[in-house]
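Notes to accompany the following structure.
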Amino acid sequence: MFSFAVYSFPKSDSYKEILVSSMVAGLSFYIFLIVFQPFGTENFHHQYKYLLLFPYSLIFGIAFFIGDLCIIRFKDWNIGLELLKLIGIIFLASILSYFYNSLFISHVKLSFINYLYMFLYCLALGIPISTIYILSRCIYLKNIHEKTADQVSKKLAEHHQPTDHKLNKTLNISANNINLQISENHFLCALSMENYCSVYFIENDQVKKMLIRISLSNLLNQVQTDCIKRCHRSYIINLDQVKNIKGNAQGYRLFLSEIDFEIPVSRSFISLIIPKLKDLKV
């Protein structure tokens with residue numbers, strides 16, 4: 001029933017992105033508040049009514065900022081964790097809103113019942129705002145990644161052959177009793193599976209797969225070059241062998257003509273992989 005919760009979700013990875021998205025979320029809350037004036041807000045009369053309501057937007061903006069800041073170092077993020085984060089944001093915003101309302105607007109005695117009312121108000125307003133936040137973020141990232149993927153794909157189609165100066169470079173992979181030598185342009189990719197790595201390469205014009213007992217990080221130390229990079233916590237890829245690229249809200253997917261599966265690019269590796277692809281194929 002809740003299987004959708006395990007799907008990856010693109011969290012914010014830069015402080016600038018966190019700041020901008022938090023400001024937009026807070027401003028959206030303020031617009032929603034003054035346009036619809038829910039929960040008796042229309043009966044609140046004051047000379048500086050809209051000025052007194054503005055701190056609620058600051059409260060929600062700060063809550064979003066703190067929430068995104070707390071998860072910036074998390075590597076794997078999914079829809080379930082994103083929903084938990086949004087619940088935490090609403091909870092924090094309800095506490096701050098309750099104290100602001102009680103101390104500066106309503107001037108009522110602090111009580112748990114009054115806080116419950118404020119929590120329900122914040123929940124009712126937070127759900128549509130959070131939904132808009134999630135959808136707009138997904139649409140924005142999807143459009144950005146698709147546009148970039150289209151641009152890179154065109155370059156890949158024009159320059160699809162490995163460069164000649166790399167033909168004689170040899171990669172040496174040593175692990176346990178295995179010693180494997182592969183030309184750099186014959187190395188395709190590597191997939192990590194716990195303590196093993198599946199290495200894909202071309203030998204005698206055929207794609208070979210070798211299972212080696214080695215960690216991905218140790219393998220990367222032996223094969224990393226200007227073209228061979230880590231693009232995901234479970235993948236190493238030869239960027240000079242990439243034939244196509246597609247983008248979505250989660251990031252990018254790379255395709256090699258010699259293998260029948262796609263290789264994902266984690267958001268944390270986008271700033272490394274995409275510029276490299278552009279430079280390699282110019």
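Miscellaneous remarks
- Whichever residue in the stretch 24-67 is assigned to a helix (DSSP H, G or I), in contact with a Phe, Trp or Tyr (Cβ under 7 Å, 6 or more places away or on another chain) and of a type outside the set (A, V, I, L, M) and, among such residues, is most open to solvent (accessible area, probe 1.4 Å): 54
- Boolean, residue 42 is free of Cβ contacts under 8 Å to residues at least 60 places away in the same chain and among the acidic types (Asp, Glu): yes
- Matching strands (runs of 3 or more DSSP E) fully within the stretch 172-282 where at least 2 residues are under 25 Å from the mean Cα position of the chain (by Cα) and crowded, with 18+ Cβ neighbours inside 10 Å: 187-193, 228-232, 235-238, 244-248, 251-255, 263-265
- Just one of the listed residues (12, 97, 21) is assigned to a helix (DSSP H, G or I), under 29 Å from residue 141 (Cα atoms) and of a type in the set (Ser, Thr, Tyr), and it is 21.
- The condition (being open to solvent by 40 Å² or more (accessible area, probe 1.4 Å), within 30 Å of residue 59 (Cα to Cα) and in a loop (DSSP other than H, G, I, E, B)) is satisfied by just one residue among 142, 109: 109.
- On the stretch given as the stretch 17-43, residues that are within 32 Å of the chain's Cα centre (by Cα) and modelled with pLDDT under 85 total 1.
- The numbered conditions (1) part of a helix (DSSP H, G or I); (2) polar (S, T, N, Q); (3) modelled with pLDDT of 90 or more are all true for residue 153 except (3).
- If the condition is being aliphatic (A, V, I, L, M), modelled with pLDDT of 85 or more and within 30 Å of residue 6 (Cα to Cα), then the stretch 44-80 contributes 59, 62, 63, 66, 69, 71.
The values are calculated or read from the model by the stated rules, or taken from the named source; none is laboratory data. Quick caveat, the model's predicted, so the values are computed rather than measured. Reconstructed Cβ throughout: ideal geometry from the backbone, glycine too, with neighbour counts over all protein chains shown. What goes into the accessible areas is simple: the full protein's heavy atoms, side chains included, and nothing from ligands, DNA or RNA. Shrake-Rupley method; radii C 1.70, N 1.55, O 1.52, S 1.80 Å.
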